[in-house]
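This report refers to the structure that appears directly beneath it.
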Amino acid sequence: MSSLSIAVVGAGIGGLTAALALARRGHAVTLVERRTGFSEVGAGLQLSPNASRVLIRLGLGPALRRVATEPQRVVVRAIRSGKPIGQVALGPFMRERFEAPYWVVHRADLQTILLDAVRSEPAIRLVMGRNVEAVKDGPHQARLTWISVSGARETIEADMIIGADGVWSKVRQALGDGKPPAYRGYIAWRSTFERNAAPAELAGDETGLWLGPQGHVVHYPIAGGRLVNVVAIERSPIPVEGWAAPGNRDELLRLYASAAPALRMLLSRPQEWLRWSLFDHPAGRLAKGRIALLGDAAHPVLPFLAQGAALAIEEAATLASLLGQERQDVPQALSAYEKQRLARASRVQNEARRNGRIYHAGSLVGFGRNQVMRHLGPEGMTRRYDWLYGFRTPE
Ligand SMILES: Cc1cc2nc3c(=O)[nH]c(=O)nc-3n(C[C@H](O)[C@H](O)[C@H](O)COP(=O)(O)OP(=O)(O)OC[C@H]3O[C@@H](n4cnc5c(N)ncnc54)[C@H](O)[C@@H]3O)c2cc1C
């Protein structure tokens, strides 16, 4: 396929990766972002081998290695008693099995690395402070209209448009899906703190996962091991207002009043918390004509499998590969993209929801869950996810 003009809406992790991957295949990319500057929430991100493999292929391995940490294992514990339930092997076991690392990074570090790569790519034009308000398909070109911060409206044409505009995607609406994502009854509390303030027994090179009926907690070292990222889940029938609302530490400690002392100590460390209501939306159409969706715009997913950004990264690579092939027109390539991605995205969404139920199981189901973990052992737990972490996007 010869060089295309491609507009990507949204410069989150998915949009940045897509712009980069497409430019590397020789396409001219306009990357449109409504924010006027880049700031990432102070939080971490797990980059499993299916995603790290793509980023390494894009040449970002050396930069990522400098800021990423590679936990050796996930240690699963019971929230109340603090007793170990099981482990999942990460570190060398993952790297050897899937030929790519399981990294954890600070979101801001990943964003900076992607942004640096995007800015040094002459084929990418990054336009900030433009809110895309409409996209329209056409037989030969697709059109996109944005409003700038000064209120000026502008329409551009491109051979195709990719919606990477997140959970509340405008582009998804243009594909005929006007249904809003559904709140799933969970609020995620997120924060980071200096690792040397962590309780000694939780400060190791590992990911901690604490399970209980009232919620669960995940923590791991980020920023080259300098900080600890912590996410605590609250079950709540009502979402919080706004996108990232401030959370009060005492309220969180009340929610986890019956937790083991080490976990309570860990949760008491950060001074500031942000709360995110968790939504998802079943993957439906991923492409139509000359318009495609990727990442949260295509299929917002609960974070209980740590795969939202990973799917976006896989999709960026898949699109670049399909649009790099000879003798294929854009609608055909996008239809192939939808076929390749739909089943996998749906499976990840379902598994993430299922993890929510398993993590928060009551005593009977919880007992069965713990038995299975013990029976499988750390490497058996990792092998269960061969389908997920072993996935390779087309070259
Ligand atoms: C608590 C929590 C923990 C998580 N942990 C992990 C994890 O460990 N691993 C993992 O893989 N995933 C994780 N995720 C999921 C992951 O954060 C998201 O799936 C991922 O960031 C989505 O990226 P995206 O590029 O699709 O969308 P976004 O990051 O939402 O980016 C969308 C971009 O589009 C822009 N935009 C929106 N509308 C417009 C418009 N109209 N015009 C122009 N620009 C627009 C936005 O400003 C934004 O920059 C987690 C999520 C949560 C909530």
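The values are calculated or read from the model by the stated rules, or taken from the named source; none is laboratory data. Everything numeric here is computed off the predicted structure, so don't read it as measured data. Because the Cβ atoms are built from the backbone with ideal geometry, glycine has one as well, and the counts that use them run over all protein chains shown.
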Condition check for A182: within 24 Å of the chain's Cα centre (by Cα), over 12 Å from I291 (Cβ atoms) and within 11 Å of the ligand (Cβ to nearest atom): no
Looking only at the stretch 101-124, and only at residues there that are without any contact (Cβ under 8 Å) to a residue 60 or more places away in the chain and touching a helix residue (DSSP H, G or I) at 6+ places or on another chain (Cβ under 6 Å), the one that is farthest from G14 (Cα to Cα): P101
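Which of the residues belonging to the stretch 81-120 are assigned to a helix (DSSP H, G or I) and of a type in the set (D, E, K, R)?
Narrowing the stretch 81-120 to residues assigned to a helix (DSSP H, G or I): 91-98, 107-119.
Residues satisfying the conditions are R95, E96, R97, R107, D109, D116, R119.
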Matching option when the condition is touching a residue at least 24 places away in the same chain (Cβ under 8 Å), surrounded by fewer than 19 Cβ atoms within 10 Å (Cβ to Cβ), farther than 26 Å from G204 by Cβ and aliphatic (A, V, I, L, M), among A18, A28: A28
Residue selected from the stretch 224-243 under the condition of a type in the set (G, A, S) and on the phi < 0 side of the Ramachandran plot, by the criterion surrounded by the most Cβ atoms within 10 Å (Cβ to Cβ): A232
Residue in the stretch 321-342 that is surrounded by 22 or more Cβ atoms within 10 Å (Cβ to Cβ), within 14 Å of the ligand (Cβ to nearest atom) and not charged (D, E, K, R) present: no
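Give the residues of the stretch 17-34 that are near the ligand (Cβ under 9 Å from one of its atoms) and polar (S, T, N, Q), sorted by residue number.
Pass one, the stretch 17-34, residues near the ligand (Cβ under 9 Å from one of its atoms): 17-18, 32-34.
Scanning the stretch 17-34 gives a single hit, T17.
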Checklist (1) within 16 Å of the ligand (Cβ to nearest atom); (2) surrounded by 22 or more Cβ atoms within 10 Å (Cβ to Cβ) applied to G37, failing item: (2)
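When the residues of the stretch 40-54 are filtered to those that are hydrophobic (A, V, I, L, M, F, W, C) and within 21 Å of V74 (Cβ to Cβ), which remaining residue is nearest to the ligand (Cβ to nearest atom)?
Initially, the stretch 40-54 is screened for residues hydrophobic (A, V, I, L, M, F, W, C), giving 41, 43, 45, 47, 51, 54.
Restricting the remaining residues to those that are within 21 Å of V74 (Cβ to Cβ) gives 43, 45, 47, 51.
Details: A43: 7, L45: 5, L47: 7, A51: 6 Å.
So, considering only residues that are hydrophobic (A, V, I, L, M, F, W, C) and within 21 Å of V74 (Cβ to Cβ), the one nearest to the ligand (Cβ to nearest atom) is L45.
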Unique residue being farther than 19 Å from S335 by Cβ, more than 8 Å from the ligand (Cβ to nearest atom), touching a strand residue (DSSP E or B) at 6+ places or on another chain (Cβ under 6 Å) and of a type outside the set (F, W, Y) when the list is R275, R264, R290: R275
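For the stretch 136-150, indicate whether the set of residues that are over 27 Å from R25 (Cα atoms), free of Cβ contacts under 8 Å to residues at least 12 places away in the same chain and more than 15 Å from the ligand (Cβ to nearest atom) is non-empty. Walk me through it before giving the result.
From the stretch 136-150, those over 27 Å from R25 (Cα atoms) are 147-150; that's our starting set.
Those still in the list that are free of Cβ contacts under 8 Å to residues at least 12 places away in the same chain too: 150.
Next cut, more than 15 Å from the ligand (Cβ to nearest atom) only: 150.
Among the residues of the stretch 136-150, at least one is over 27 Å from R25 (Cα atoms), free of Cβ contacts under 8 Å to residues at least 12 places away in the same chain and more than 15 Å from the ligand (Cβ to nearest atom), which makes the answer yes.
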Single unsatisfied condition, A310 versus (1) crowded, with 24+ Cβ neighbours inside 10 Å; (2) under 19 Å from V9 (Cβ atoms): (2)
The one condition in (1) near the ligand (Cβ under 9 Å from one of its atoms); (2) part of a loop (DSSP other than H, G, I, E, B) that G14 fails to fulfil: (2)
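Collect the residues in the stretch 62-80 that are part of a strand (DSSP E or B) and within 21 Å of the chain's Cα centre (by Cα), keeping them in residue-number order.
We begin by selecting, within the stretch 62-80, every residue part of a strand (DSSP E or B); these are 69, 73-78.
Within the stretch 62-80, T69, R73, V74 meet the criteria.
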Scope the stretch 348-385; condition under 19 Å from the mean Cα position of the chain (by Cα) and more than 16 Å from I79 (Cβ to Cβ); matching residues: V348, Q349, N350, E351, A352, R353, R354, Y385
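Among the helices (runs of 4 or more DSSP H) contained in the stretch 211-330, which hold 3 or more residues that are farther than 20 Å from N50 by Cβ and hydrophobic (A, V, I, L, M, F, W, C)?
On the way: elements: 249-255, 261-268, 308-322.
Of the helices (runs of 4 or more DSSP H) lying wholly inside the stretch 211-330, those with at least 3 residues that are farther than 20 Å from N50 by Cβ and hydrophobic (A, V, I, L, M, F, W, C) span 249-255, 261-268.
Does the stretch 130-157 hold any residues that are of a type in the set (V, I, T) and either surrounded by 15 or more Cβ atoms within 10 Å (Cβ to Cβ) or at pLDDT 95 or above (or both), and which are they? Give the derivation first.
Residues of the stretch 130-157 that are of a type in the set (V, I, T), as a first pass: 132, 135, 145, 147, 149, 155-156.
V132, V135, T145, I147, T155, I156 - these are the residues of the stretch 130-157 that are of a type in the set (V, I, T) and either surrounded by 15 or more Cβ atoms within 10 Å (Cβ to Cβ) or at pLDDT 95 or above (or both).
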